[in-house]
Amino acid sequence: MDEATWIQQAQRGDMDAFARLVSLYQAPVYNLAYRMLGEQMEAEDAAQETFLRAFRNLSRYDPTRPFRNWILSIAANYCVDRIRRRRPAVALDDEATSEALGMDPSDAVAAWETQERVQRLMMRLSAEDRAAVTLRYWYDCSYEEMAQILGTTVSAVKSRLHRARLSLAQMMEESDGM
Amino acid sequence: MECSETLERMMLALDGELPPEEWRMLESHLEACAPCRAQWERLQAVERVLQRAPLLAPPPGFAERVMARVDRRRAWRRNVLGGLALAMGTAVVILLGLLPGLWTVPGVANFLAFLVYGGDILLGRLSGATRLFLDSLQLLLRALLSLALPLAFCNLVLALALGILWLGIFRHCRPMRIPANGQ
């Protein structure tokens, strides 16, 4: 069976079909939540909430739109709201990053430094800019897809991404370059 | 090409959308302009770091925890709906139990008849009806206190028992927050 069949079955209340969708999209949703929130526990909670909201609103899903974009839209908007509600600064959970990478400690050292740095820099961006960077670099979304997912215009997401790139470049320079 | 024109082209280049001709113009500008070249190198460094960052997998057992949370939420909704249905049923039981007794209380029959057949004069005599209702309620309470209506009293006790039972089930089935680490 394909994804469209699972979606139709889940819309009719089939929990097994919904469980398949959860398995299929758990990594993209979790990764987006982690990239935006920067902390493992919070990312898991946000990812779980995303799937709960998706389940509740399955009847509203438009099958002409890719399911991935629909569920990423739920996750991104939920994370943006969550970031706006919480305190301004968030510390990076280093141990969580290591575990989430799922690597052997010796193999993970090089990737670890990059990860730590990326996440620290990401956490200094605004919620909207963070969402744009995440969708662009981790999901390879086009500007049109980003605009659809974030519920805004193409020019707005371009502006966000350009601003985020410049901010990240400046932050990298401040922290002694690459 | 002026420095002010380069940033937009750098962004297009990073998106892979810069036409070859403009690429050449950008490159020749970068060769001659140190500040723009430094900016371009910083942007490329950001690009490299972001492109190397992997897609993180959720912790083990994530999907199971999601499904458990979905199940709990569904169970909670079912209990709320069931509780509402039970509460409405209880209200009906109370009404059915009280109605025969109410009818025997002096004044209530007249009041109910007035409510049903009052028609146009109902609004005009609202104050009188309110007074009559309060009088009827007082009579009803007296009748209940003197155990003159055992049937109504039994129904009331039954309704209360059902209500308490429902409350217990509802509180027991409240959704719980699942710890992210599954502990």
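Tell me, yes or no, whether region B:85-99 has at least one residue that is part of a helix (DSSP H, G or I), at pLDDT 80 or above and within 30 Å of A:F51 (Cβ to Cβ). Lay out the reasoning, then the answer.
Just the residues of region B:85-99 that are part of a helix (DSSP H, G or I), to begin with: B:85-99.
Going one step further and asking which of them are at pLDDT 80 or above, we end up with B:85-92.
Going one step further and asking which of them are within 30 Å of A:F51 (Cβ to Cβ), we end up with B:85.
Checked region B:85-99: at least one residue is part of a helix (DSSP H, G or I), at pLDDT 80 or above and within 30 Å of A:F51 (Cβ to Cβ).
Go through region A:41-65 and give me each residue that's more than 7 Å from every other protein chain (Cβ to nearest Cβ) and assigned to a helix (DSSP H, G or I).
Taking region A:41-65 and keeping what is more than 7 Å from every other protein chain (Cβ to nearest Cβ), we get A:42-43, A:46, A:49-50, A:53-54, A:56-65.
A:E42, A:A43, A:A46, A:E49, A:T50, A:R53, A:A54, A:R56, A:L58, A:S59, A:R60, listed by residue number.
Only one residue in A:S159, A:S155 is part of a helix (DSSP H, G or I), farther than 18 Å from A:M36 by Cα, among the hydroxyl-bearing types (S, T, Y) and within 12 Å of chain B (Cβ to nearest Cβ), so which one is that? Break it down stepwise before answering.
Details: A:S155 fails: within 12 Å of chain B (Cβ to nearest Cβ).
Step by step, each of A:S159, A:S155 is checked, and only A:S159 is part of a helix (DSSP H, G or I), farther than 18 Å from A:M36 by Cα, among the hydroxyl-bearing types (S, T, Y) and within 12 Å of chain B (Cβ to nearest Cβ).
Can A:R20 be described as among the basic types (K, R), in a helix (DSSP H, G or I) and under 22 Å from A:M146 (Cα atoms)?
Values: among the basic types (K, R): yes; in a helix (DSSP H, G or I): yes; under 22 Å from A:M146 (Cα atoms): no.
Spelling it out, it is not the case that A:R20 is among the basic types (K, R), in a helix (DSSP H, G or I) and under 22 Å from A:M146 (Cα atoms).
The values are calculated or read from the model by the stated rules, or taken from the named source; none is laboratory data. Everything numeric in this text was worked out from a predicted model, so none of it was measured. FYI the Cβ positions are ideal-geometry reconstructions off the backbone, even for glycines, and counts take in every protein chain you see.
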